[in-house]
Amino acid sequence: QVQLLESGGGLVQAGGSLRLSCAASGSIFSINLMGWYRQAPEKQRELVATITMTGSTNYPDSMKGRFTISTDNFKNTVYLQMNSLKPEDTAVYYCYVRRPNSSHWGQGTQVTVSS
């Protein structure tokens, strides 16, 4: 089993920055991808960023240049640095990890950006 705990969310004004962290515990061996998704009220969960074991990153166009994903060499933590935040970034942000035969989600951390 893998347990994920997100932290770093909160309230920030437009243009500000936040850094989210996700700590993984349990059966964390053989993780090959880590990432972040978000879900706003009455909207579907959407991709924010992913990073693979080889270091490849993936961002939607709306996040490119503003968000940066990183890990501590896939030991147990994945980060999301968010800059130039906009009100439309308001959502619950979920940590995600992938293993060869399973996927795991955190409980989410709320990010609220005021205008």
query: Which one of Met53, Met63, Met82 is buried (at least 16 other Cβ atoms within 10 Å of the Cβ) and touching a Phe, Trp or Tyr at 6+ places or on another chain (Cβ under 8 Å)?
result: Met82
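For the stretch 50-71, how many residues meet the condition of being in contact with a strand residue (DSSP E or B) (Cβ under 8 Å, 6 or more places away or on another chain) and either on the phi > 0 side of the Ramachandran plot or part of a loop (DSSP other than H, G, I, E, B) (or both)? Give the steps one after another, and end with the answer.
Let us first name the residues in the stretch 50-71 that are in contact with a strand residue (DSSP E or B) (Cβ under 8 Å, 6 or more places away or on another chain), namely 50-53, 57-60, 63, 66-71.
This time we only want the ones that are either on the phi > 0 side of the Ramachandran plot or part of a loop (DSSP other than H, G, I, E, B) (or both), so: 53, 59-60, 63, 66.
Summing the residues that are in contact with a strand residue (DSSP E or B) (Cβ under 8 Å, 6 or more places away or on another chain) and either on the phi > 0 side of the Ramachandran plot or part of a loop (DSSP other than H, G, I, E, B) (or both) in the stretch 50-71 gives 5.
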query: Can you spot a residue in the stretch 8-30 that is closer than 18 Å to Val97 by Cα, over 12 Å from the mean Cα position of the chain (by Cα), part of a loop (DSSP other than H, G, I, E, B) and not small (Gly, Ala, Ser)?
result: yes
query: Name the residues in the stretch 30-45 that are loosely packed, with under 15 Cβ neighbours inside 10 Å and in contact (Cβ under 8 Å) with a residue 60 or more places away in the chain, would you?
result: Ser30, Asn32, Gln39
field: All positions within the stretch 85-113 that are open to solvent by 40 Å² or more (accessible area, probe 1.4 Å) and in a strand (DSSP E or B)
entry: Arg98, Arg99, Ser103, Trp105, Gln110, Thr112
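Among the residues of the stretch 66-79, how many are over 21 Å from Val2 (Cβ atoms) and either out of contact with any Lys or Arg (no Cβ under 9 Å at 6 or more places or on another chain) or exposed (fewer than 13 other Cβ atoms within 10 Å of the Cβ) (or both)? Talk me through it step by step, then tell me what you get.
Residues of the stretch 66-79 over 21 Å from Val2 (Cβ atoms): 66-68.
Okay, now just the ones that are also either out of contact with any Lys or Arg (no Cβ under 9 Å at 6 or more places or on another chain) or exposed (fewer than 13 other Cβ atoms within 10 Å of the Cβ) (or both), so 67-68.
The total comes to 2.
The values are calculated or read from the model by the stated rules, or taken from the named source; none is laboratory data. Please read all numbers here as calculations on a predicted model, not as lab measurements. All Cβ positions, glycine included, derive from the backbone under ideal geometry; neighbour counts span all protein chains shown. To get the accessible areas, we keep the full protein, side chains included, count just its heavy atoms, and leave off ligands, DNA and RNA. Shrake-Rupley method; radii C 1.70, N 1.55, O 1.52, S 1.80 Å.
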